[in-house]
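Below is one structure, written out as structure tokens; comments come after it.
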There are 2 protein chains.
Amino acid sequence: MILVYDTAVERNPKVLKTCRKYLHWTQRSVFHGELSTAQYRALMAALKTTIDQDYDSIVTYTVRSPDMIETSTIGIDLGGPGDII
Amino acid sequence: MILVYDTAVERNPKVLKTCRKYLHWTQRSVFHGELSTAQYRALMAALKTTIDQDYDSIVTYTVRSPDMIETSTIGIDLGGPGDII
């Protein structure tokens, strides 16, 4: 899955901390990782209590299998080894 | 496809302008859209000349068909209607 967030500055550290527990940092406000359904639900539940749902936004993109998605980088690779999804 | 960018502030306006020609804005530094192979190549070529490849980073995630990817939003929907990919 890929997760992107757009949250108020004061909530960013908590959002980052929660995402880091489950996913790898890709760049700026983007994370990626491979999660079980249970882990995905736990992450979403944690984020729902962290963000202000009237102001913040978190979008996730999920595919069933890592080989269904192709990742490509131009410029530098910020998030380290490309073990995407 | 989903495109995320992390570029120097002074190059952001040009990167934004190029991405907007081909994709829909999702949130912050994230775009999404459905592109032909030719359009994808044109976008990548345009971005390669726009960014500094030693400092900036652009990552794309591509799936073959929109129904291979599931999109989910918590909080507010910043980018408008969810015609993802």
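The values are calculated or read from the model by the stated rules, or taken from the named source; none is laboratory data. This is a predicted model, so every value here is computed, not measured. We place every Cβ from the backbone using ideal geometry, glycine too, and count neighbours over all the protein chains shown. To get the accessible areas, we keep the full protein, side chains included, count just its heavy atoms, and leave off ligands, DNA and RNA. Shrake-Rupley method; radii C 1.70, N 1.55, O 1.52, S 1.80 Å.
Values for this structure:
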| quantity | calculated |
| --- | --- |
| Unmet criterion (only one of (1) part of a helix (DSSP H, G or I); (2) in contact with a strand residue (DSSP E or B) (Cβ under 6 Å, 6 or more places away or on another chain); (3) not small (Gly, Ala, Ser)) for A:Phe31 | (1) |
| Selected residue (only one of B:Arg20, B:Arg41 is more than 7 Å from chain A (Cβ to nearest Cβ), within 19 Å of A:Ile69 (Cβ to Cβ) and open to solvent by 80 Å² or more (accessible area, probe 1.4 Å)) | B:Arg41 |
| All positions within the range B:1-27 that are without any contact (Cβ under 8 Å) to a residue 24 or more places away in the chain and outside any helix (DSSP H, G or I) | B:Leu23 |
| Answer from B:Thr71, B:Thr60 - the residue that is within 11 Å of chain A (Cβ to nearest Cβ) and touching a Phe, Trp or Tyr at 6+ places or on another chain (Cβ under 7 Å) | B:Thr71 |
| Residue match in the range A:63-71 (condition: touching a Leu at 6+ places or on another chain (Cβ under 9 Å) and either open to solvent by less than 70 Å² (accessible area, probe 1.4 Å) or modelled with pLDDT of 95 or more (or both)) | no |
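Listed here are the residues, each with its yes/no results for (1) touching a helix residue (DSSP H, G or I) at 6+ places or on another chain (Cβ under 9 Å); (2) of a type outside the set (Val, Ile, Thr).
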position: B:Thr7; (1), (2): yes, no
position: B:Cys19; (1), (2): yes, yes
position: B:Ser29; (1), (2): yes, yes
position: B:His32; (1), (2): no, yes
position: B:Ile58; (1), (2): yes, no
position: B:Thr73; (1), (2): no, no
position: B:Leu78; (1), (2): no, yes
